[in-house]
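Chemist: Let me begin by handing over the structure; questions about it come next.
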Amino acid sequence: MTAAAFLVMNPASAGGRTHRDWPATAAALRGAGVTFDLHITEAAGEATGAVRAALAGGYRTIVVVGGDGTLNEVVNGFFDAEGTPIGSDAVLALLPSGTGGDFRRAVGIPADLDGAARLIASRSSRRIDAGRIDFADGRSRFFINIADCGMGGEVVARVNRSVHKGGGIRGSAIFLGTSLTTLLGYVSRIARIDVDGMRIERDVRSVVVANGQYFGGGMRVAPGAKLDDGRFDVVIIGETGRLRALTGIPSLYRGRHVARHEVEVHRARVVRVSCDGAPMLFDVEGEQVGTTPATVTCIPGALTLVCPRLAQAADG
């Protein structure tokens with residue numbers, strides 16, 4: 001076991017800003033008394049294998065420098081290829097730097113480097129739940145914030161293809177702009193959603209399986225979600241017509257959309273989503289990684305996260 005942290009940096013996140021800011025990031029960590037060994041990723045998916053190797057090699061603090069996509073890759077490194085947890089006594093920490101920053105909002109991690117570095121040095125932490133999504137082709141993916149399908153999956157697919165990704169437009173602006181253009185052409189689906197065995201069948205725009213509260217660059221899609229209660233908040237957004245959907249976007253940022261008649265919220269440990277015809281795309285923490293049908297399972301207390309001790313208040 002080594003006392004140094006294993007730090008995973010995605011230099012391409014935030015349009016290369018993470019790489020440009022690295023001297024300041026390193027100085028903030030050292031100033032807070034955090035010793036670390038640096039791993040710089042060079043390809044998508046690389047962080048998962050690097051973290052598995054680090055945990056096997058004795059590291060017990062894993063620090064992510066990057067956005068929600070890099071964080072998701074690192075989370076998957078806490079499980080082996082068969083999905084078995086590894087490094088159960090290890091802790092996960094985040095130095096936020098990326099396009100969305102939704103998970104940082106959910107847990108109250110400071111946005112400034114010095115504040116985030118001091119938090120890591122403090123070792124303040126708590127156990128949080130994780131989700132596992134299993135697709136029909138046998139692939140699986142773990143997450144700690146949100147998985148959703150329908151229009152959200154389409155938005156993320158477009159954002160990831162966009163020439164703006166990593167450019168001058170970041171965060172809320174890029175997600176909001178892409179959401180608006182996607183909304184104008186999106187065709188809803190008749191979906192079957194099983195929430196802990198209860199079947200719901202309706203015409204939907206999105207099905208959101210939430211461990212955290214925020215997605216899409218600041219949309220508070222699941223205002224009642226808590227990271228450590230052993231259940232997801234399942235937010236089903238039904239078809240309602242483009243005009244009403246457009247007028248409802250501001251309420252989505254404030255978390256007030258859950259009072260609208262086209263939205264229903266359930267709490268569940270296991271969620272299965274399927275539909276007829278063309279499958280719906282799944283977004284898992286900012287990456288489009290699969291399609292319906294899929295089953296999403298909550299794993300209570302799966303990880304230990306470095307976060308403020310009062311972070312539960314940030315969850316709602």
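The values are calculated or read from the model by the stated rules, or taken from the named source; none is laboratory data. From a predicted model like this one, the values you see are computed outputs, not experimental measurements. All Cβ positions, even for glycine, are placed from backbone atoms using ideal geometry, and neighbour counts span all protein chains on display. Surface areas here come from the heavy atoms of the whole protein model, side chains and all, with no ligands, DNA or RNA. Shrake-Rupley method; radii C 1.70, N 1.55, O 1.52, S 1.80 Å.
Chemist: Can you name the residue in the stretch 236-282 that is basic (Lys, Arg) and more than 19 Å from the chain's Cα centre (by Cα) and is also nearest to Thr292 (Cα to Cα) among such residues?
Modeler: Among them, the one singled out is Arg242.
Chemist: So how many residues does the stretch 190-222 have that are open to solvent by 10 Å² or more (accessible area, probe 1.4 Å), closer than 14 Å to Glu264 by Cβ and in contact with a helix residue (DSSP H, G or I) (Cβ under 9 Å, 6 or more places away or on another chain)?
Modeler: So the count comes out to 2.
Chemist: Being among the hydroxyl-bearing types (Ser, Thr, Tyr) and surrounded by 14 or more Cβ atoms within 10 Å (Cβ to Cβ) is the filter; apply it to the stretch 60-91 and report the residue that is nearest to Ala147 (Cα to Cα).
Modeler: Thr70
Chemist: What are the residues in the stretch 228-244 that are in contact with a strand residue (DSSP E or B) (Cβ under 7 Å, 6 or more places away or on another chain) and among the aliphatic types (A, V, I, L, M), if any? Full working, then the answer.
Modeler: Of the residues in the stretch 228-244, the ones in contact with a strand residue (DSSP E or B) (Cβ under 7 Å, 6 or more places away or on another chain) are 228, 230-239.
Within the stretch 228-244, Val234, Val235, Ile236, Ile237 meet the criteria.
Chemist: Something else now. Counting only residues that are of a type in the set (A, V, I, L, M) and touching a Phe, Trp or Tyr at 6+ places or on another chain (Cβ under 7 Å), how many does the stretch 117-132 have?
Modeler: 1
Chemist: Further question on the same structure: Among the residues of the stretch 272-299 satisfying the criterion of being in contact with a helix residue (DSSP H, G or I) (Cβ under 7 Å, 6 or more places away or on another chain) and at positive phi, which is modelled with the highest pLDDT?
Modeler: Top of the filtered list is Glu285.
Chemist: Pick from the stretch 67-82 the residues that are assigned to a loop (DSSP other than H, G, I, E, B) and touching a residue at least 24 places away in the same chain (Cβ under 8 Å): which of them is farthest from Ser97 (Cα to Cα)?
Modeler: Asp80
Chemist: Among Val265, Val270, Val258, which is closer than 18 Å to Ser140 by Cβ and of a type outside the set (Ser, Thr, Tyr)?
Modeler: Going through Val265, Val270, Val258 in turn, the sole match is Val270.
Chemist: What number of residues in the stretch 240-280 are acidic (Asp, Glu) and open to solvent by less than 60 Å² (accessible area, probe 1.4 Å)?
Modeler: Looking only at that region, the number is 2.
Chemist: Among the residues of the stretch 104-127, is there at least one that is assigned to a strand (DSSP E or B), open to solvent by less than 20 Å² (accessible area, probe 1.4 Å), in contact with a Leu (Cβ under 9 Å, 6 or more places away or on another chain) and within 21 Å of Ala24 (Cα to Cα)?
Modeler: Within the stretch 104-127, none of the residues are assigned to a strand (DSSP E or B), open to solvent by less than 20 Å² (accessible area, probe 1.4 Å), in contact with a Leu (Cβ under 9 Å, 6 or more places away or on another chain) and within 21 Å of Ala24 (Cα to Cα).
Chemist: So the check is Cβ under 9 Å with 6+ separation or different chains; which pairs have a first residue in the stretch 47-59 that's in contact (Cβ under 8 Å) with a residue 60 or more places away in the chain and a second one that's open to solvent by 40 Å² or more (accessible area, probe 1.4 Å)?
Modeler: Listed pairs, sorted by first residue: none to list.
Chemist: Of all the residues that make up the stretch 34-53, how many are at pLDDT 95 or above and open to solvent by 60 Å² or more (accessible area, probe 1.4 Å)?
Modeler: Keep residues of the stretch 34-53 that are at pLDDT 95 or above, which gives 34-41, 46-53.
If we keep only those that are open to solvent by 60 Å² or more (accessible area, probe 1.4 Å) too, we end up with 35, 37-38, 40, 52-53.
Total satisfying the criteria: 6.
Chemist: Just the residues that are of a type in the set (Ser, Thr, Tyr) and within 21 Å of the chain's Cα centre (by Cα), please, taken from the stretch 1-50.
Modeler: Those that are of a type in the set (Ser, Thr, Tyr) and within 21 Å of the chain's Cα centre (by Cα): Ser13, Thr18, Thr41, Thr48.
Chemist: Hey, can you tell me all the residues within the stretch 277-311 that are assigned to a loop (DSSP other than H, G, I, E, B) and touching a residue at least 40 places away in the same chain (Cβ under 8 Å)?
Modeler: Of everything in the stretch 277-311, those that are assigned to a loop (DSSP other than H, G, I, E, B) and touching a residue at least 40 places away in the same chain (Cβ under 8 Å) turn out to be Gly277, Ala278, Met280, Glu285, Gly286, Thr292, Pro293, Cys307, Pro308, Arg309, Leu310.
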